[in-house]
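See structure below.
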Amino acid sequence: MDKKMFCFQCEQTAGCTGCTGNAGVCGKNADTAKLQDELTGALIGLARAVDSASAISKRTAQVIIEGLFTTVTNVSFDNAAIENMIQKVRAEKERLVPDCSKCQSPCGKTGEYDMQQMWNADKDIRSLKSLILFGIRGMAAYAYHANVLNYEDDEVNRFFCEALFKIGYEESIETLLPTVLKVGEINLRCMALLDKANTNSYGMPEPTDVTLTIEKGPFIVVTGHDLKDLQLLLEQTEGKGINIYTHGEMLPAHAYPLLKKFPHLKGNFGTAWQNQ
Ligand code: SF4
């Protein structure tokens, strides 16, 4: 593909086919998209290194989860942060297979993957690999938020490696299709993990009225899915005369008993996320 960038991982993608110019519809620049590809290729290299090791450690799993989460649609447009993440992934691989970087005749078994191979592959193969990749990126967001609350699942962690490995290796519909289906199966397990993490940490969500009225005085607006960050912010602003409002995806936070108990968690700012 002779394009400035290629990204078609969200429903806003240009012409329903792909963002390929200097920037995507969401504002992501071509250099950021290329760094996301480089990070994904490095993650596949790390998964290849894990494949030669006996089991995936908590440390490796956290690097993989953080790296995948970084590449979700518009999670990070910060090139320096993505470059740092790439270095983190490479350092973890170096820790696992230190001899590979010094090898005089590299076999490529733990090499990084060039994402152009995937974008330029036969359309069925590209589609199946994209389903796997975008699926595990979304799943990594769930796993990341569960990890922050000290919840993890070995089977979910192992699957991140298995799926990344297959993206870089398998080339047939017959071998990729079962992995696509397994993404759905493991994702359910991962969603259950996050649900357990959230409900054990903040209580069972209950129906809650949420006002859209903004009161006078200083306030902070919080969006995203980071309930732990919201909890810390609520604790740090308690009694200081600063109100906290949720926005977009953070709206459900009002339903959790251990978050709604803070009286300065006042309401929701704005309407749906696409209007932000
Ligand atoms: S994430 Fe941005 S660049 Fe990628 S398809 Fe969506 S709008 Fe386009």
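The values are calculated or read from the model by the stated rules, or taken from the named source; none is laboratory data. This structure is a prediction, so every number in the text was calculated from the model and none was measured. Please note: Cβ atoms are built from the backbone with ideal geometry, for glycine as well, and neighbour counts cover all protein chains shown. Note: accessible area is taken over every heavy atom of the protein model, side chains too, but ligands, DNA and RNA are not part of it. Shrake-Rupley method; radii C 1.70, N 1.55, O 1.52, S 1.80 Å.
Are there any trypsin sites (Lys or Arg not before Pro) in the range 207-276 that are in a DSSP loop and have at most 12 other Cβ atoms within 10 Å? List them by number.
On the way: sites: Lys216, Lys228, Lys240, Lys260, Lys261, Lys266; in loops: Lys216, Lys240, Lys261.
In loop regions of the range 207-276 (DSSP not H, G, I, E or B), the sparsely surrounded trypsin sites (Lys or Arg not before Pro) are Lys216, Lys240, Lys261.
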>> Considering only C-alpha atoms, what is the centroid distance from the range 14-82 to the range 88-102, in Å?
In response: 18 Å
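For the ranges 204-214, 21-31, what's the packing order if you count other beta-carbon atoms within 10 Å of each residue, average per peptide, and put the highest first?
Averaged packing, sorted descending, gives the order 21-31, 204-214.
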>> Show log10 I(q)/I(0) for the chain at q = 0.08 Å⁻¹, two decimals, from a solvent-free Debye sum over equal Cα scatterers.
In response: -0.39
>> Going Cα to Cα from Lys109, which lysines come in below 25 Å? Please leave out same-chain ones fewer than 8 positions away.
In response: Lys34, Lys58, Lys88, Lys93, Lys129, Lys166, Lys182
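Given only helices, namely DSSP H runs of n ≥ 4 each adding -39500 (n - 2.57), what is the per-residue ellipticity at 222 nm of the chain, to the nearest 500 deg cm²/dmol?
Values: 9 runs with 145 residues, N = 276.
That comes out to -17500 deg cm²/dmol.
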> How much accessible surface area, in Å² rounded to 10, belongs to the heavy atoms of Glu152 with a 1.4 Å probe?
Replying inline: 70 Å²
> For the range 204-269, what size does the Cα cloud have along each of its three principal axes, sorted from largest down, in whole Å?
Replying inline: 30, 23, 20
> Taking the Cα atoms only, what angle lies between the long axis of helix 154-169 and the longest principal axis of the chain, rounded to 10 degrees?
Replying inline: 40 degrees
>> Given an 8 Å cut-off on Cα distances and at least 6 residues of separation, report the relative contact order of the range 14-201 as a percent.
In response: 27 percent
> Pairing the Cα long axis of helix 173-202 with the longest principal axis of the chain, what angle in degrees results, from 0 to 90 and rounded to the nearest 10?
Replying inline: 30 degrees
>> I'd like the orientation of helix 30-51 relative to the chain: the angle between its Cα long axis and the longest Cα principal axis, in ° from 0 to 90, rounded to 10.
In response: 70 degrees
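Counting each pair of different Cα atoms once, what's the Kirkwood radius of the range 149-238 in Å, rounded to one decimal?
On the way: mean 1/r = 0.0594 Å⁻¹.
So the Kirkwood estimate lands at 16.8 Å.
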